[in-house]
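First up is the structure itself, then whatever we jot down about it.
The values are calculated or read from the model by the stated rules, or taken from the named source; none is laboratory data. All figures in this text were calculated on a predicted structure; none of them were measured in a lab. No Cβ is skipped: glycine too gets one built from the backbone with ideal geometry, and neighbour counts run over all protein chains shown.
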Amino acid sequence: MLDYTEYIKIFIGLLAVVDPFGTIPIFIALTNGKSKAELRKIEKQIVLTVATVLFAALVLGESMLTFFGISIYSFGVGAGIVLLMLAISMLHAKLSGIVQNEQEAEVTEAAESIAIVPISIPLLAGPGAIGAIILYAHRGEYPYHYLVMGGEIIAICLILWLVLRSVPWISRRMRQTWVNIFTRIIGMLLVALSVEFIANGLKGLFPVLAR
């Protein structure tokens, strides 16, 4: 069983990957002109979708890797590379192409609901978040580990809900400069997290590196 400090690190890592605060400017842009009732409906859809995707990754992630014959170490290197690409784009205060490409952006403009695509998937519960959940779940095998992980997912979704509910207030007081600064700070955290994933994966694939 992991130490409580490890679960704190996991929570901080997952919060950085999901990055509810970094989605604020995108949420504002995509919901411009929506009524209060529409915003509340969108907020609910976003939180439920993100929770569903993250819980699915927690419960079914390792089984899917086994089904496709992918080792956790290979997946760790791949997830680390995806996170690193995302982190580099965040250091430039930009939206990475692995999160949303030009074609997906065009579809967004015509979509009836933007709650599920692209805000929930892939902006919040994207490849980086799913990969992190699977890797963290692999660190423990006892039911207690999965219960704590589930609790952390619920806590992150609660923070996401609070952030979304506060968007009107935040948008009136927060300048784009501050949003960019916060995005870069999160990007630095993700760089360190991605390097850790890649290093651990390489040590598993090439045990000689762990000596």
Next item on the list: Taking ARG139 as meeting all but one of (1) assigned to a loop (DSSP other than H, G, I, E, B); (2) modelled with pLDDT of 75 or more; (3) within 17 Å of PHE27 (Cβ to Cβ); (4) of a type outside the set (A, V, I, L, M), write down the number of the exception.
Entry: (3)
Check: Quick one: would you say THR49 is assigned to a helix (DSSP H, G or I), of a type in the set (S, T, N, Q), free of Cβ contacts under 8 Å to residues at least 60 places away in the same chain and farther than 13 Å from ARG165 by Cβ?
Finding: no
Check: Would the stretch 199-210 turn up any residue that is touching a helix residue (DSSP H, G or I) at 6+ places or on another chain (Cβ under 9 Å), without any contact (Cβ under 8 Å) to a residue 12 or more places away in the chain, exposed (fewer than 12 other Cβ atoms within 10 Å of the Cβ) and in a helix (DSSP H, G or I)?
Finding: yes
Checklist line | Exclusive hit being modelled with pLDDT under 85 and farther than 30 Å from VAL167 by Cβ, set GLY80, GLY22, GLY33, GLY69 | finding: GLY80
Check: Say we look at the stretch 142-189 and pick out the residues that are in a helix (DSSP H, G or I) and among the hydroxyl-bearing types (Ser, Thr, Tyr); which of these is surrounded by the most Cβ atoms within 10 Å (Cβ to Cβ)?
Finding: THR183
Next item on the list: Looking only at the stretch 1-46, count how many residues are outside any helix (DSSP H, G or I), surrounded by fewer than 18 Cβ atoms within 10 Å (Cβ to Cβ) and either in contact with a Lys or Arg (Cβ under 8 Å, 6 or more places away or on another chain) or of a type in the set (D, E, K, R) (or both).
Entry: 3
Note to self: Any residue in the stretch 54-78 that is buried (at least 16 other Cβ atoms within 10 Å of the Cβ) sitting within a Cβ distance under 6 Å of a residue that is β-branched (Val, Ile, Thr) and in a helix (DSSP H, G or I)? List the pairs, counting only those 6 or more apart or interchain.
What the structure shows: LEU54/ILE133; LEU54/ILE153; ALA57/ILE130; ALA57/ILE133; ALA57/ILE134; LEU58/ILE133; GLY61/ILE134; VAL77/ILE198
